[in-house]
Amino acid sequence: MARAYFERHAARLFATGAPVIGNLVRAEGSKEPSLAVRVPVRNGHGEIVQALTASTTSERIARLLRDRTVSDEWVRGIIDNNGVLVARSRDPERFVGQKGTASYLELVQRSSRAFYRDVSLDGRAVYGAFSRGPISGWAAFVAVPASVLDSAFEGSITTLVLLSLALLGVGTGGAFLASR
């Protein structure tokens, strides 16, 4: 499996001359999933003569996400070309290696970036945004629980309705007094 995987990526790299970013895989005997990044090495004539390969784990990527998290309520993550969660800022041990929700993956296939409302893998209603990379095809996303954003909006609407009712009452009372 690993050899065929490498050969496919090497063939694509030599055919296109572009870097190749692999999907998340668990190598036989490995403790955690990893991915490979391959870039072409060119000679003085611009011909590709080798492929430079670097490997990293999903935990290292998740660490970058956790270190830059804006809020504990927000979830940040990355999915690969297969729709598999490579890294996640919250509960990575529970979700890394799983496919994203069907509705999210369908949206990612249709667009290179979007805002959306969905239900996350942990069953929470969320608002999110993603952007898919042009070379890797991977998508990076951020999602915030809908309750966080909706509560502020609902509070504003409640205040507006109460203020409107109060003004309507004052206007009605004033009209009643003026009509006597």
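Could you go through the range 134-150 and let me know if any residue there is free of Cβ contacts under 8 Å to residues at least 40 places away in the same chain, of a type in the set (A, V, I, L, M, F, W, C) and open to solvent by 60 Å² or more (accessible area, probe 1.4 Å). Yes, the conditions are met somewhere in the range 134-150.
The residue of the range 59-89 that is modelled with the highest pLDDT, among those that are more than 14 Å from A140 (Cα to Cα), charged (D, E, K, R) and in a loop (DSSP other than H, G, I, E, B), is E73. Every condition in (1) under 30 Å from R124 (Cβ atoms); (2) in contact with a His (Cβ under 6 Å, 6 or more places away or on another chain) holds for S89 except the one numbered (2). G97 falls short on exactly one of the conditions (1) farther than 17 Å from S136 by Cα; (2) without any contact (Cβ under 8 Å) to a residue 40 or more places away in the chain; (3) small (G, A, S), and that condition is (2). Filtering V49, V108, V96 for residues that are of a type in the set (A, V, I, L, M) and either more than 30 Å from E7 (Cα to Cα) or in contact with a helix residue (DSSP H, G or I) (Cβ under 7 Å, 6 or more places away or on another chain) (or both) leaves a single hit, V96. Answer yes if at least one residue in the range 43-65 is in contact (Cβ under 8 Å) with a residue 12 or more places away in the chain, open to solvent by 90 Å² or more (accessible area, probe 1.4 Å) and under 18 Å from the mean Cα position of the chain (by Cα), and no otherwise. Yes: one or more hits. Among the residues making up the range 95-112, a single one is surrounded by 13 or more Cβ atoms within 10 Å (Cβ to Cβ) and among the basic types (K, R): K99.
The values are calculated or read from the model by the stated rules, or taken from the named source; none is laboratory data. Keep in mind it's a predicted model, so treat the numbers as computed, not measured. For neighbour counting, all protein chains shown are included, and Cβ atoms are generated from backbone atoms with ideal geometry for every residue, glycine included. With ligands, DNA and RNA removed, areas are computed over all heavy atoms of the protein, side chains included. Shrake-Rupley method; radii C 1.70, N 1.55, O 1.52, S 1.80 Å.
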